[in-house]
Amino acid sequence: MPWKIASEMSEKKLFVALASAKDSNMSDLCERFGISRPTGYKWVRRGSCDGDAGLIALSRRPHHSPRRTHARVEEAVVVLRRKHPAWGSRKIGQVLRNKNIVGVPADSTINEILRRHGLIEKHESEKHHAWIRFEHAAPNDLWQMDFKGHFALTDAIQRCHPLTILDDHSRFSLGIRACAYETHAVVREALMNIFRQYGMPLCILSDNGPPWGTAGGKSSYTALSAWLMQLGIHVSHGRPLHPQTQGKDERFHRTLKVEVLREHHFETYNQCQYAFDDWREIYNCERPHQALGMVTPVTRYKVSPRTFPEQLPVIEYGPDDLVRKVKDTGKIHYKGHQYWVGKAFRFQPIALRPTETDGVYDVYFCHQRVNTIDFRTNQSQENV
């Protein structure tokens, strides 16, 4: 199944939002989105002049109505809530103000409108609570990646496993893929497409389960981890049994469930993908994010300058490193003894570097320290 089946409208809106960011590189963006520069400039010009209507050939509907009465504003509140049942008064108010609708009332008034129309359920509102938030300083410093819990398609035999990738700083959704399996090949294909369009991050955070980890196994690293390291991406795993380590992606999954999965039943993976793509555009470009001060994620995101190499770079180490090749067993030989490094690095060169403790060496694969070996006791300790 192809990864990129988002609607043309979603692609245009996302392109215009990214191209409108400060210091954006038009040539680079056009190449990533597979369009010519004249087409890119045309989209930006039409989007700037006419908003979304300028991106639709047959539609020129204005985005503001300065003479709307209070009754029409109330109707707009109700319509938006019914379209997005999980949105609260703050999001609805901000979206209406973003559309330059005159007379948008205070959030408390919007809440009363929703209550009056029977659009607030008490047990749902009681679920929400404040989160303690931390974010990385810049886009692409860290991406969070995980599979959301799988669900059955209507035939009750096939199951969809949504793969999500989220930028930590901006909460920008880099991709949601409807997957049939949770395998190395599936994740790698998805990441390659995302890397080609958005560039590569400095670090990727994932959980300890397959395909990026081997929870409960002798090593936390997998072939997928080694591939990411060879691309120059630092691989990090959350603490076992602590999903809050990936709190932003976990929160994103909750939003995906409430706003998409709870109200829909899908027959095919393509139907899932179309729904994910449509909602992703809303999430990135329209839906105000409370953790971002009610701006949208796309306003805080910039594509990464670290472009994806179609061929893996050659692994090189320094002249002072002790270089050994990892055997099929996941071990290396050194001075007549065997030491465990990890099967993820089979047939690849690793570097041994001395630590401040005599006889203890750190093991590096590419740029990342993956193990520590104590030659005094013939023991190794993985670094996660």
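The values are calculated or read from the model by the stated rules, or taken from the named source; none is laboratory data. Since the model is a prediction, treat every value here as computed from it, not as a measurement. Don't worry about glycine lacking a Cβ; one is built from the backbone with ideal geometry, like all the others, and counts go over all protein chains shown.
Observations, loosely collected:
- Matching residues in the range 25-46 - criterion: being farther than 17 Å from Y301 by Cβ and of a type outside the set (K, R): S27, C30, E31, G34, I35, S36, P38, T39, G40, Y41, W43
- Any hit, the range 298-310, residues being touching a Cys at 6+ places or on another chain (Cβ under 8 Å) and at pLDDT below 90: yes
- Checked against (1) surrounded by 12 or more Cβ atoms within 10 Å (Cβ to Cβ); (2) touching a residue at least 60 places away in the same chain (Cβ under 8 Å), V360 passes all but a single condition, namely (2).
- Evaluated against (1) surrounded by fewer than 15 Cβ atoms within 10 Å (Cβ to Cβ); (2) of a type in the set (K, R); (3) part of a strand (DSSP E or B), R324 falls short on exactly one condition, (1).
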